[in-house]
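*Asks:* This is the structure I have questions about; it appears just below.
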Amino acid sequence: PKEGMNRKPFEKKEPFVRKENAKPEKKENAVSEARMAALRALYDVYFANAYSNLSLDKQLRAARMSDEDKRLATNIFYQCVENRSKLDFVLSPYIKAEPEQIVKCILHIAAVQLLFMDRVPAHAAVNEAVNQTRLYKKDEASGFVNGVLRSLLRDKESSSLHLPKKEDGIKAYLEIEYSASADTVDELISEFGEEEAEQILSYKPKERFETVRVNLLKADDAQLEKALDDMSAKWERSVVPHAYRLYKAGNLAQTPQYTQGLFSLQGESAMLAALAVEPKRGMSILDACAAPGGKASFICELMQGTGRVHAWDLHEHRVELMKQNARRLGLDNLRCAVRDATALKSDLALTQDAVIVDAPCSGLGVVADKPDITRHFTKARLAELVSTQKRLLDACCEYVKAGGLLVYSTCTLLRPENEEQVENFLLSHPDFKPETSTDYLPESLREKAKDGMIRLTGHKDGLEGFFIARLRRVR
């Protein structure tokens, strides 16, 4: 998966106990497999506390569908996740009591087709919702589903839908319109103001894309470009060196070129964080919070297989995934280990040319890819994250040798996790100073850097929201 996309911005809870049997006992060919895949993934996100990107990916891998049907399932699913609160608000006039969980998911899937997807015939959306309800042994609810959706369609056609309005209060409007928690809205407005807060919540790229970078141990840019042409991929160069944006690419992880290790999938901002450590041949570098391993892999490749890159993560299964990826890419200089990076490993003190701490964070820079983040964000969780980030920096800075670099990065936009975290670190660690050189950045981004730090936002920069700070150990 793309770097940064599997980061855990909030602590995952135990799955909810399902109150009804969510497995249909009849054959699913009565409704489209695309809608069934979207329904299964949506149920797990809404009621089993699953992560959106992982849940959908699981269902798309399990189902036998054409690329067109996969795109339909993806579109339906993300429209539901992105508009969850708005859908509840719009549907509320037609619902007297909270429906069963699976029925609520079915209503949302049909509603997004009626409200936001003009190419889907209204009768098809309604009929398939009714059929889905019957498949899940909810025959008594099929009339209810049919009635709600036909009432919704009638009010849409008469322009009398129950919609959120800014004049009813900007905070309440943003919460409903963008399915964001009250704490999310409060934090964004406090830091950015009402107008930019809405821009952050509403941002989506004009056309979705995947970003890949060439494996520099196996090929160069020209060879990857030829391979992309052979794949009939629609691509363009990224502003980040050795990276390319691919549009409507399908499942790239199932292509022979990926399996052979020719390229990796990774977000552009995460690539910049890897470049920020200034990797050179023969260095020893630590990636302290490495999974899923994209930055560590990129650093290994930039070092041309020399030196050593340590890649740590708390969870054994994530470390095993990094090892598998290292074998795919042919990275003999990557050393993966299960380790808590907040606990000092004294034998590594003052041994590393560079250390990167890509810390757990609230994730508010990547809401375009993980829209459920804004719904789960709380100020209490923010305080926990800030504490963890501080402990990571305090421990990991001890590994940086004199003259070496400490790189701190997050995929969030909030000052307490970013600028304030760095400022507080410098106050308590006078042996580190900001590294103000911007040579690692593409020229178009250099003017955005200040005091060794850069904050990128999707709505302004067209990249994943990200923060990078570079600190040099001066003694």
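The values are calculated or read from the model by the stated rules, or taken from the named source; none is laboratory data. Computed from a predicted structure; not experimentally measured. Backbone-built Cβ (ideal geometry, glycine too); neighbour counts: all protein chains shown. The protein model used for the area step is the full one, side chains on, heavy atoms only, and it has no ligands, DNA or RNA in it. Shrake-Rupley method; radii C 1.70, N 1.55, O 1.52, S 1.80 Å.
*Asks:* As I understand it, the dipole of the range 114-236 uses +1 on the Cβ of Lys and Arg and -1 on the Cβ of Asp and Glu, about the Cα centre. Which of Ala233, Leu201, Thr184 lies farthest toward its positive end?
*Replies:* Among Ala233, Leu201, Thr184, the one farthest towards the positive end of the dipole of the range 114-236 is Ala233.
*Asks:* Using 26 Å as the Cα-Cα cut-off, could you pick out the over-long pairs in Lys234/Lys280; Lys70/Lys206; Lys204/Lys295; Lys295/Lys450; Lys323/Lys460?
*Replies:* Lys234/Lys280; Lys323/Lys460
*Asks:* So if each residue of separation counts as 0.36 nm, and I subtract the Cα-Cα distance between Leu427 and Arg339, what length gain in nm does that give?
*Replies:* Result: 28.9 nm gained on full extension.
*Asks:* Using modelled backbone amide H atoms (1.01 Å from N, in-plane), which distant-in-sequence or interchain residues come within less than 5 Å of Asn49's amide H?
*Replies:* Amide H neighbours of Asn49: Phe16.
*Asks:* Just to be sure I understand the model, the point goes 7 Å from the Cα along the line to the Cβ. What's the resulting Glu191 to Asp220 distance in nm?
*Replies:* Result: 4.1 nm between the two label points.
*Asks:* When each pair of different Cα atoms in the range 169-231 is counted once in the 1/r mean, what is the Kirkwood radius in angstroms, to one decimal?
*Replies:* Radius from the Kirkwood sum: 14.8 Å.
*Asks:* In whole Å, what is the distance between the alpha-carbon centres of the range 409-475 and the range 304-347?
*Replies:* Computed from Cα coordinates, the inter-centre distance equals 24 Å.
*Asks:* Roughly how compact is the chain, stated as its Cα Rg over 2.2 N^0.38 Å to two decimals?
*Replies:* For the chain, the normalised Cα radius of gyration is 1.03.
*Asks:* Between the range 248-279 and the range 143-190, how many Å separate their Cα centres?
*Replies:* Centre-to-centre (Cα) distance: 37 Å.
*Asks:* Another one. Averaging sequence separations of C-alpha pairs under 8 Å and six or more residues apart, then dividing by the length of the range 202-297, give the relative contact order as a whole percent.
*Replies:* Relative contact order of the range 202-297: 30 percent.
*Asks:* Still on this structure, please answer the following. What FRET efficiency, computed as 1/(1 + (r/R0)^6) with R0 = 30 Å and r the Cβ-Cβ distance, is obtained for Tyr247 and Ile95, rounded to the nearest 0.05?
*Replies:* For R0 = 30 Å, the calculated efficiency reads 0.20.
*Asks:* Let me ask another. What is the spin-label model distance, in nm, from Thr351 to Lys450 if the labels are put 7 Å beyond Cα along the C-beta direction?
*Replies:* 3.9 nm
*Asks:* What part of the accessible area of the range 118-164, given as a whole %, is carbon or sulfur when the probe is 1.4 angstrom?
*Replies:* That share works out to 48 percent.
*Asks:* If you don't mind, there's one more thing I want to ask. Given H placed on each backbone N at 1.01 Å, which residues far from Ile356 in sequence or on other chains put an amide H within less than 5 Å of it?
*Replies:* Leu286, Asp287, Ala288, Val407
*Asks:* Using 1/(1 + (r/R0)^6) with R0 = 35 angstrom and r between the beta carbons of Leu161 and Glu420, what's the FRET efficiency to the nearest 0.05?
*Replies:* 0.25
*Asks:* Sticking with this one: What relative contact order, as a whole-number percentage, does the chain give when Cα pairs under 8 Å and 6 or more residues apart are counted?
*Replies:* So the answer I get is 14 percent.
*Asks:* Another question, then. May I ask you to evaluate 6.51 cos²θ - 1.76 cosθ + 1.60, the Karplus curve with θ = phi - 60°, for each residue of the range 156-173 and list the ³J(HN,Hα) values in order in whole Hz, giving x for glycine and proline?
*Replies:* Result, rounded to whole Hz: 5, 5, 9, 6, 10, 5, 7, 10, x, 10, 5, 5, 7, x, 5, 5, 5, 4.
*Asks:* Take every DSSP beta bridge with both residues inside the chain and express the antiparallel ones as a percent of the total, to the nearest 5.
*Replies:* The antiparallel fraction comes to roughly 60 percent.
*Asks:* With each run of n ≥ 4 DSSP H residues scored as -39500 (n - 2.57), what mean residue ellipticity at 222 nm is computed for the chain after dividing by its residue count and rounding to the nearest 500 deg cm²/dmol?
*Replies:* It lands at -13000 deg cm²/dmol.
*Asks:* Right, something else. Measuring from label point to label point, each 7 Å out along Cα→Cβ, what is the Ala383 to His123 span in nm?
*Replies:* 5.8 nm
*Asks:* In terms of the Cα gyration tensor, with a ≥ b ≥ c the square roots of its eigenvalues, is the range 328-432 rounded because a/c is under 1.5, prolate because a/b exceeds b/c, or oblate?
*Replies:* Oblate, since a/c reaches 1.5 and b/c is not below a/b.
*Asks:* Whole number in Å², please: accessible area per residue of the chain, 1.4 Å probe, ligands, DNA and RNA not counted.
*Replies:* 44 Å²
*Asks:* Tally up the carbon and sulfur contribution to the accessible surface of the range 361-444 as a whole percent, 1.4 Å probe, everything protein left in place.
*Replies:* For the range 361-444, the apolar C and S fraction of the accessible surface comes to 51 percent.
*Asks:* Dipole magnitude of the chain about its Cα centre, charges +1 at Lys/Arg Cβ and -1 at Asp/Glu Cβ only, in debye to the nearest 20?
*Replies:* Once rounded to the nearest 20, the dipole reads 1100 debye.
*Asks:* In whole Hz and in residue order, list the ³J(HN,Hα) couplings for the range 248-256 that follow from phi through the Karplus curve 6.51 cos²θ - 1.76 cosθ + 1.60, θ = phi - 60°; x for Gly and Pro.
*Replies:* Couplings: 6, 8, x, 8, 5, 5, 9, 7, x Hz.
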